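Asks: My questions all concern the structure below.
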Amino acid sequence: MRSVSFVDHLKIKVNGKVGQGCIALGDVDGDGCSELVVADDGGHVQVFKGDSTKPCWESSDFGDITCLTIADLCNEGKNCVAVFTTDGAFSILDFNKSQNLKCKTHFKFKIVVLKLDAPIIHSDHVIPNIMNVLVSDLDSDQLNELIACHSDHCVSAYRWNSKHKRFTILQRWTLRQLVGNISIHVSSDEGVPSIIVSQPGCSYAVLSINWNQSEAVKTGPNISESTVTYTPLSRFVHIDSSQSRSQNPTITCQILGDITKSSSSPAGYFALCTLDGTLKLMEEDKILWSLQVDHQLFALYKLDILGDNREEVIVCAWDGQTYIVDHDRNVVRYQFLDNVQAFCAGSFSIDSKQNRPCFVYSDFHNHVWLYYDVKLPFLKATDLLTFAESDQEMSRLFLQLGATTIEEKRSLLKKCGSTILDQVKLNSNNDKDLNSQYSKDTWL
Amino acid sequence: SKEVPFTYIPPKCHVISIDSFNCGARGLIIGVTFAEESGENFLNIYCNYGDNVPEFHERDLENLAYTFKSFALTFTPFQLTHRKVKRCNDDSSRSVFILLGDDKFHVYSQISDDVEFIEDEIKDYFVELVVCESVPTYLEIYAVDQTTRVTAVGYANGKICLFLVDCTTNTIIKSWKIQHSSIISQLVLYPDNRNQKDEYANFMLVVASTREEAVVYSDVLNLGFEKPVILRSSGDGDCVTCCAVGRDNCDGTIEIVIGTYDQRILLYKNFSTPIVEPSWVKHFAHPVLKTELCDITGDYITELIVFTTKGIHILQRNLHNVLNVYKNVLKSITYACCDETNK
C-alpha cells in the first residue's frame, strides 16, 4: 500500500475539544469559495476564511454543540450555518448579508434565529439529542428538508417554516438499533433520493418518506414498519467471500451515500465503514469490494482527490491513519501525526479564488489542522513500461517496431533514453534549445 | 521484504554510517559504524568468511548477520564508503572500506579473500588522503578511466580539496583547493562529457555546504574552482544537507537536486549563467537528510528518492510527459526504419 504525505497546512488553535460533526466546510457567505466552520465543546463557533489562522467570525455561548451543517436550510437560495446542541436548542447563522467577510474585521451579521428553544418547535416533538443532521430535498419539491439523527434510535425530518420561523416536523422514524449516522443516497437512475441509516455491525436501513402521500396511506397499518427497510448483515455474509474475519454485530458503523460513479449517471455507490476496520463499497444491495485494515475507522467522507470527476472514499481512523480508496479498490494511505478526535474532508479555498480538496483533522491538544491541497495525481503507481503498455498509441508503435516481449519493449525504452542523450551531445553547441519548461507536476 | 537482525549492534546505540559492496568471492559485505551510549565507537564489518558464495541468496543474509569483525574505534567515525583500488605493489585490485574519522582517513581491507578485514596504511591505497587539512566530512571518488581517478574531499572547516590521481602508480597528477565558509555536507562529481574527445572535459563538482548556497564548479579538471555557478535560494533557510546529480529523461540535460534541513528539495537546470534560480521546489513534511536520483523501477527513468527524518519518499517523473517525448522518438525511429526499407 502506497503512503503519501501532505505538507501544506494551517494549524488553527481552538479553545476546547472539537468532536466529530463539529467541523464543516462550505460556502457560508455566498462568494463561491468555501470556508471552514469549527465548533468546540465550550459552545464556541469560529469561521475561518482564506489563509488566516485567526477566525474571521467567532461567537460563544452556543451551549453543548453536537453538530453543525452548512446548507440552504431556510430555502432562501443561500447557505446558512446551523448549529445544534444536545438540549435541542439550535441556531441558524446567516453570513450572506455581511458584504465583506474578511479576516480580523468586525462585521455585522444577521442571526435569523438565535438560540430558539425546543418548546417553540411545532407540536410536542422537540429535537434534543441530535447526533448529526443533513439537508436535502427528499420529496422533489425543490425545497430542502432537514433530516436529524438522534441518539435514541430515532430519525426525524423537518421543514423550515419561513413564515413562523420554526421547524415543522414532517416524519419520524424509529429504528430497532442505535443509529450510527445518516446519509442521502440515490440508488437508481431515476434520481429519487432515499435516506440510508447505518446500523451496528456494518448493516444499514433505508428510510422512505410518506409525508407527501395521502392521509389514507399514512394511516394504514404498520406505518412505522413500512417506512423502514432493514438490510441486515446476514444477507451479505455469503456473498462477500473476501471477508476474512467474522463481523462483530454490535460494532459502530458509518454510512455514506451518493458517491459519484461518473458525471453522467445520477446513481452512485455508497460505502460503509466500521470501528473494527472494515470498509465496504456497495452498489444497490451488492458489495463491490471490502477492505480490512487494522485501524479503528470512525469517519467516512467522499472527495474527488484525483480530479477525474469520480469521488474517492476517504476514511479516517482514531490514530490518524487515513485511507483514500478509489472505486477499483486502489488504496493510498496518509498517516496524520497525532491521534484524531474529528475528521472532515471537503473543499476549501486558501486563496479565496478556487476551491481545493482538503482534509481537516482535530487533535486532542486543542488544534485543528487544515491540509488545504490534498490533490493526488494517481493512486496506483506504475512504471513507464506498464504505463506505455496501457497506452494505445504506444502499443501500436511497439508493434510497428516488432517489440512483443517485455524485454524487447524495455530495450526500446532504453533506446529512447539514449537517443535523447545522443541528440543532446550533438546539440552541445546551441544550449538555448535545451531550456525545457519545468512545471509543478514534473515530479509526482 | 524481510527483517534480518544483525548481531552485536546494541539496541540503544546510534548508527552513524552504513555501507556495503559485493565482493566476487565473498558475496555481500556490509560495514556499520555506531556509537554506544557510553560514547565508545565501533565499526562492524559483516562478511561471510565461510564458504564461497558466487551467487547471493536470501538465506546467506542471515548467515552474514552472524559473522562479523568488530573494530573498537579510537576516533569519531563519519562517512563510511568503499572503493575498488589496487594496493601498492599488488597486481589485482580489491574493494576496501574507507572510513572518515575526526583524526584522519582510515582504510580497512583484506590482504586476500580468505582473511579477515584489517586496518591498513592509507598511503598504500590513496596517496591523496594522507594529508588531512581538518576533520574530513565528505569523500567523493570518481574513476575517470582505468588509470586515473578524481578525488574530492570536503572538510569541516569548509575546505575542499580536489585531486587527479594516477591509480597505477598511486601518484597525484594535479590538485586544487578552495576555502568555503562552512562545513561541507556533500560533494558530487559528475561528468558532463558531451565532448567525447577530451575525457577530462566538463567534469562538474556540486558542493553542498551547510551555511551557504550550494555551488557547482564546472569543468573542474581543466579550470579548477575558477568557474562557480551559484544555486540561488538553496541556502535561504536551514542547512543544505545533500545534493544529487542526474539527467532529465525527457531532454537529456543535467539536473541538480539540493536537499535542505528546512524541509525543501530544490531542482536546478541549465547552468550557463553564474547564478541559477531553482526550476522546481517541493516542500516536505520533515527535514531532508539525503537525496538520490536513480532508477529503481527498471524502466530507465530516474526516480527522485528523498530520505527525511521520518521516512523515505520516492518521487516519479510525470509519466504522461515522458511518454509523449518517447512516442515522438519512437515515431522518428519508425520513419527511419521505413525509409531504409523503401531504399
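The values are calculated or read from the model by the stated rules, or taken from the named source; none is laboratory data. All figures in this text were calculated on a predicted structure; none of them were measured in a lab. In this analysis, Cβ positions are derived from the backbone assuming ideal geometry, glycine residues included, and neighbour counts consider all displayed protein chains. Side chains are part of the model used for accessible areas, which takes the heavy atoms of the whole protein and leaves out ligands, DNA and RNA. Shrake-Rupley method; radii C 1.70, N 1.55, O 1.52, S 1.80 Å.
Asks: Amide H to amide H, which residues 5 or more places from A:ASP137 or on other chains are under 5 Å from it, using H placed in the peptide plane?
Replies: A:GLU145
Asks: With r defined as the distance between the Cβ atoms of B:GLU121 and A:HIS365 and R0 fixed at 45 Å, what FRET efficiency is calculated, to the nearest 0.05?
Replies: 0.20
Asks: Within the set of other residues whose C-beta is less than 9 Å from the C-beta of A:GLY320, count the net charge using Lys and Arg as +1 and Asp and Glu as -1.
Replies: -3
Asks: Can you divide the C-alpha Rg of segment B:131-343 by 2.2 N^0.38 Å and report the result to two decimal places?
Replies: Relative to the 2.2 N^0.38 Å estimate, segment B:131-343 comes out at 1.13.
Asks: Also, I was wondering about something else. Estimate the FRET efficiency between B:HIS14 and A:GLU389 by the formula 1/(1 + (r/R0)^6), using the beta-carbon distance for r and 35 Å for R0, to the nearest 0.05.
Replies: The pair B:HIS14/A:GLU389 has a calculated efficiency of 0.15.
Asks: In terms of solvent-accessible area of protein heavy atoms at a 1.4 angstrom probe, what is the ranking of A:SER3, B:SER181, B:SER234, B:SER20, highest value first?
Replies: Ranked from most to least accessible, the order is B:SER181, A:SER3, B:SER20, B:SER234.
Asks: Compute, for B:VAL215, the solvent-accessible surface of its heavy atoms (probe 1.4 Å) with the complete set of protein chains present, and express it in square angstrom to the nearest 10.
Replies: Counting only protein heavy atoms, B:VAL215 exposes about 10 Å² to solvent.
Asks: Filter the cross-link list A:LYS375/A:LYS415; A:LYS49/B:LYS310; A:LYS375/B:LYS290; A:LYS13/B:LYS282; B:LYS159/B:LYS269; A:LYS414/B:LYS327 down to pairs whose alpha-carbon distance in this structure exceeds 22 Å.
Replies: Pairs exceeding the cut-off: A:LYS375/A:LYS415; A:LYS49/B:LYS310; A:LYS375/B:LYS290; A:LYS13/B:LYS282; B:LYS159/B:LYS269.
Asks: Now, a different point. At 1.4 Å probe size, with every protein chain present, just tell me what the per residue accessible area of the protein assembly as shown comes to in Å².
Replies: Computed with neighbouring chains in place, this is 45 Å² per residue.
Asks: If you take the square roots of the eigenvalues of the alpha-carbon gyration tensor of segment B:101-167 and sort them as a ≥ b ≥ c, do you get rounded (a/c under 1.5), prolate (a/b over b/c) or oblate?
Replies: In terms of gyration-tensor shape, oblate.
Asks: Next question. Mind checking the full-extension length gain between B:THR297 and B:ASP339? Use 0.36 nm per residue of separation minus the Cα-Cα distance, one decimal, nm.
Replies: Length gained, B:THR297 through B:ASP339: 11.7 nm.
Asks: Now, a different point. Return the equivalent ellipsoid semi-axes of segment B:224-317 as a descending list in whole Å, where each equals the square root of 5 times an eigenvalue of the C-alpha gyration tensor.
Replies: Largest first, segment B:224-317 gives 21, 19, 10 Å.
Asks: Could you tell me the calculated FRET efficiency between B:GLU133 and B:ARG232, based on Cβ-Cβ distance and R0 = 41 angstrom, to the nearest 0.05?
Replies: The formula returns an efficiency of 0.90 here.
Asks: Over the heavy atoms of A:CYS74, what accessible area does a 1.4 Å probe trace out, to the nearest 10 Å²?
Replies: 10 Å²
Asks: Here's another thing I want to ask about it. Measuring from label point to label point, each 7 Å out along Cα→Cβ, what is the A:ARG166 to B:ARG211 span in nm?
Replies: 7.4 nm
Asks: Moving on to the next point. Give me, ordered by chain and number, the residues 5 or more places off A:ASN132 or on other chains with an amide H under 5 Å from its own placed amide H.
Replies: So A:ASN132 has HN proximity to A:CYS149.
Asks: Sticking with this structure for a sec: Per the 1.4 Å probe, what fraction of the accessible area of the protein assembly as shown, in percent, lies on carbon and sulfur atoms?
Replies: 49 percent
Asks: What is the distance in Å between the Cα centroid of segment B:1-22 and that of segment B:293-307?
Replies: 24 Å
Asks: Identify the residues of segment A:158-193 with backbone N under 19 Å of a label point that sits 7 angstrom from the Cα of A:GLU284 along the Cα-to-Cβ direction, or state none.
Replies: A:185-193
Asks: Now a separate question. With label points built 7 Å along Cα→Cβ from the Cα atoms of B:LYS159 and B:PHE21, find their separation and express it in nm.
Replies: The two pseudo-label positions are separated by 2.6 nm.
Asks: To continue, here is another question. What number, rounded to the nearest 500 deg cm²/dmol, is the helix-based mean residue ellipticity at 222 nm of chain B, given -39500 (n - 2.57) per DSSP H run of at least four residues and division by all its residues?
Replies: -3000 deg cm²/dmol
Asks: Using a cut-off of 14 Å between beta-carbons, work out the net charge of the residues near A:ASN144 (Lys and Arg +1, Asp and Glu -1, A:ASN144 not included).
Replies: Residues near A:ASN144 contribute -4 overall.
Asks: Points 7 angstrom from Cα along the Cβ direction at A:GLU190 and A:LEU143: gap in nanometres?
Replies: Spacing of the two 7 Å Cα→Cβ label points: 2.3 nm.
Asks: Give the angle, between 0 and 90 degrees and rounded to the nearest 10, that separates the Cα long axis of helix B:319-342 from the longest principal axis of the Cα atoms of chain B.
Replies: 70 degrees
Asks: In addition: To two decimal places, what compactness ratio does the protein assembly as shown give when its Cα radius of gyration is scaled by 2.2 N^0.38 Å?
Replies: Against the empirical 2.2 N^0.38 Å value, I get 1.19 for the protein assembly as shown.
Asks: Another question, if that's okay. Checking an interface number: how much accessible area is buried between A and B, summed over both chains, with a 1.4 Å probe, in Å² rounded to 100?
Replies: For A against B, buried area totals roughly 3900 Å².
Asks: Sorted by accessible area with a 1.4 angstrom probe, largest first, how do B:GLU121, B:GLU3, B:GLU37, B:GLU212 fall?
Replies: Listed by decreasing accessible area, they come as B:GLU3, B:GLU37, B:GLU121, B:GLU212.
Asks: Then there is this: With just the Cα atoms defining each centre, how far is segment B:154-180 from segment A:155-178? Give it in Å.
Replies: Cα centres, segment B:154-180 to segment A:155-178: 83 Å.
Asks: Right, something else. If you plug each phi of segment A:392-408 into the Karplus form 6.51 cos²θ - 1.76 cosθ + 1.60 with θ = phi - 60°, what whole-Hz ³J(HN,Hα) values come out, in order, with x for Gly and Pro?
Replies: 5, 4, 5, 5, 5, 5, 4, 5, 4, 8, x, 9, 10, 7, 4, 5, 5
Asks: Sort B:CYS13, A:CYS149 by heavy-atom solvent-accessible area, probe 1.4 angstrom, most to least.
Replies: B:CYS13, A:CYS149
Asks: Right, here's the next one. Specify, per residue and in Å³, the volume enclosed by the convex hull of the alpha carbon atoms belonging to segment B:1-125.
Replies: Taking only Cα atoms, segment B:1-125 has a hull volume of 102 Å³ per residue.
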